[in-house]
Structure formats: C-alpha cells, structure tokens
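Undergrad: The following block contains the structure, expressed as structure tokens.
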Amino acid sequence: MEISEVRVKLVANQDDRLKAFCSMTLDNEFVVRDIKVIEGTGGLFVAMPSRKMSDHCGKCGGKNHLRAKFCNHCGGKLSENRAHQDQEGRMKLHADIAHPINAKCRKDIQEAIIKAFHMEVEKSKQPGYKPVDMDTPDE
Ligand SMILES: [Zn+2]
C-alpha cells in the first residue's frame with residue numbers, strides 16, 4: 001500500500017491539543033478523512049477517524065455517551081465505570097472507524113502524516129499562505 005497524498009488542515013488555535021485535520025489518499029484511489037494530529041504528553045501522535053461509543057440506559061433503554069453520569073432521557077443515574085478499559089486502565093470512549101491492523105502500517109501512516117504536518121507548518125510561515133481547503137467534520 002502506498003500513501004500517495006496527505007492533505008493537512010492546520011488548526012488555527014495554537015493552544016489546542018488538536019493540531020490538524022488530515023486526509024490521506026491510498027494508492028491514488030482511496031481516501032481516508034478525519035485523521036487528526038494531536039499533541040500528546042509524549043509528542044505528536046496520529047488519531048485515526050473514530051466515533052464516540054454509547055450504550056443504553058438500563059431503565060428506559062435511552063442512548064447515552066459513555067461519559068454521561070445521568071440518562072439523557074429518564075434522568076436515572078448511570079453506573080460510572082461502564083466503559084471498557086484499555087491496558088493502561090483508561091476508559092475506552094471512542095471506536096476507530098478505519099485503522100491499520102499491524103505495527104508497520106501504523107508506523108508508515110504516522111510517519112507520512114507527521115511529515116506532511118511539519119511541511120504544512122513550515123508552509124504556513126510563508127507570507128501569503130493559504131490553508132488547505134478541506135471540509136472539517138462538525139464536532
Ligand atoms: Zn434512561
């Protein structure tokens with residue numbers, strides 16, 4: 001698989017931990033959008049497109065985000081630790097929509113995205129810089 005193009009839309013607010021939205025084209029024929037570059041404690045990392053996971057209230061069956069403490073529909077109290085946890089004990093609140101399934105592919109994608117991100121940051125310092133025209137998802 002070849003990553004033929006990466007487009008990077010920088011996030012204007014420099015204080016934001018979310019640094020950019022990206023799209024990547026694979027083999028010149030398949031595009032994955034809504035990839036994020038995030039500033040973590042250990043440096044920049046790439047987050048694949050994901051959706052918030054939710055579950056259903058035990059009383060009324062209403063749908064709630066896993067972080068909700070009370071049901072949006074009946075107001076009943078929801079148990080606090082109902083999200084699955086990863087190996088480090090962090091709550092798993094998002095599920096990836098598209099993601100690499102092996103370490104090499106993950107590394108290739110990370111490197112290509114981070115490289116494109118740094119190039120875009122350099123470009124943005126030039127006078128007359130125009131940000132990439134890309135629809136950003138509504139969060
Ligand atoms: Zn409910």
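Undergrad: Condition (residue is in contact (Cβ under 8 Å) with a residue 24 or more places away in the chain, assigned to a strand (DSSP E or B), within 16 Å of the ligand (Cβ to nearest atom) and not small (G, A, S)) applied to the range 25-38: is it met by at least one residue?
TA: no
Undergrad: While we're on this one: Can you run down the residue pairs with Cβ atoms below 6 Å, 6 or more apart or on separate chains, where the first is in the range 56-72 and touching a residue at least 60 places away in the same chain (Cβ under 8 Å) and the partner is near the ligand (Cβ under 8 Å from one of its atoms)?
TA: none
Undergrad: Looking at (1) of a type outside the set (S, T, Y); (2) away from the ligand (no atom under 16 Å from the Cβ); (3) assigned to a loop (DSSP other than H, G, I, E, B), which is the only condition K59 fails?
TA: Status for K59: all satisfied but (2).
Undergrad: Can I ask one more? Please work out if E5 is exposed (fewer than 14 other Cβ atoms within 10 Å of the Cβ), over 17 Å from the mean Cα position of the chain (by Cα) and within 16 Å of the ligand (Cβ to nearest atom).
TA: No, not satisfied.
Undergrad: Right, something else. Would you mind stating whether I101 is open to solvent by 50 Å² or more (accessible area, probe 1.4 Å) and either assigned to a loop (DSSP other than H, G, I, E, B) or modelled with pLDDT of 90 or more (or both)?
TA: Judged against the criteria, I101 is a match.
The values are calculated or read from the model by the stated rules, or taken from the named source; none is laboratory data. All values derive from a computational prediction rather than experimental measurement. Cβ coordinates were reconstructed from backbone atoms using ideal geometry, including for glycine residues, and neighbour counts include every protein chain displayed. These accessible areas exclude ligands, DNA and RNA; they are computed on the full protein's heavy atoms, side chains included. Shrake-Rupley method; radii C 1.70, N 1.55, O 1.52, S 1.80 Å.
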